[in-house]
Amino acid sequence: MHPEKSKVVYCKDSNRTATYPHVHFTFLGFTFRPRKARGKQNRLFTNFLPGVSADALKHMRQVVRGWRIHRQTPATLAELAKQCNPAIRGWWNYFGAFYRTAMHKLSRYIDQRLEQWARRKYKTLLRRKRRSVDWLRRMKSASPRMFFHWSVVGEKVG
């Protein structure tokens, strides 16, 4: 076994509260670490759960940045959705299987890119960030299934 890659990790949760140097690890794009969870009686507690890793989120943001959505002003919102949805759906199906709230950062990032696209496409939104946020919120409520992450996360913007 490789000494840097293999280590014993303490699975810290509500029942195990001791402090140890290693309480998280990353495997297959998931970071296993103590996270908040909600029990059957609607109580919050700490559990050792997998969620999307910071490196995987960084890679997904780089891919979204590479799409250069904000530069595709001739395209319609539906065309952008058709272009982006296969990748977003794949990421949500793989990384969203566990602890979906960790994926909300990616959802917010994609929405920010769409707001930037709208500000460049429509002159009435130019230099008006709040107006572009409201515009995107209206688009979400008008067609909540256009982008895959809209149907999963809901109408939260910002």
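Just a few scattered comments:
- Test: G96 is on the phi > 0 side of the Ramachandran plot and either modelled with pLDDT under 95 or among the polar types (S, T, N, Q) (or both): no
- Qualifying residues in the range 17-35 (those that are touching a Lys or Arg at 6+ places or on another chain (Cβ under 6 Å) and outside any strand (DSSP E or B)) - the one surrounded by the fewest Cβ atoms within 10 Å (Cβ to Cβ): H22
- Test: residue in the range 44-56 that is surrounded by fewer than 10 Cβ atoms within 10 Å (Cβ to Cβ) and among the β-branched types (V, I, T): no
- Pairs are defined by a Cβ separation below 6 Å, a sequence spacing of at least 6 or placement on different chains, a first member in the range 107-127 that is modelled with pLDDT of 95 or more, and a second member that is aliphatic (A, V, I, L, M) and not in a helix (DSSP H, G or I); the pairs so defined are D111/V157; R119/L126.
- Residues in the range 36-88 that are among the small types (G, A, S), assigned to a helix (DSSP H, G or I) and closer than 20 Å to F148 by Cβ: A56, G66, A78, A81, A87.
- Within the range 84-127, being surrounded by fewer than 14 Cβ atoms within 10 Å (Cβ to Cβ) and more than 27 Å from F30 (Cβ to Cβ) holds for K123, T124, L126, R127.
- Screening the range 72-83 for residues that are under 20 Å from S132 (Cβ atoms), free of Cβ contacts under 8 Å to residues at least 12 places away in the same chain and of a type outside the set (D, E) and picking the one that is most open to solvent (accessible area, probe 1.4 Å) gives P74.
- Residues that are β-branched (V, I, T) and under 30 Å from C84 (Cβ atoms) were ranked within the range 6-61; the one that is farthest from the chain's Cα centre (by Cα) is T26.
The values are calculated or read from the model by the stated rules, or taken from the named source; none is laboratory data. This one's a predicted model, so the numbers in the text were calculated from it and none came from an experiment. Because the Cβ atoms are built from the backbone with ideal geometry, glycine has one as well, and the counts that use them run over all protein chains shown. We work out accessible area using only protein heavy atoms, side chains counted, and drop any ligands, DNA or RNA first. Shrake-Rupley method; radii C 1.70, N 1.55, O 1.52, S 1.80 Å.
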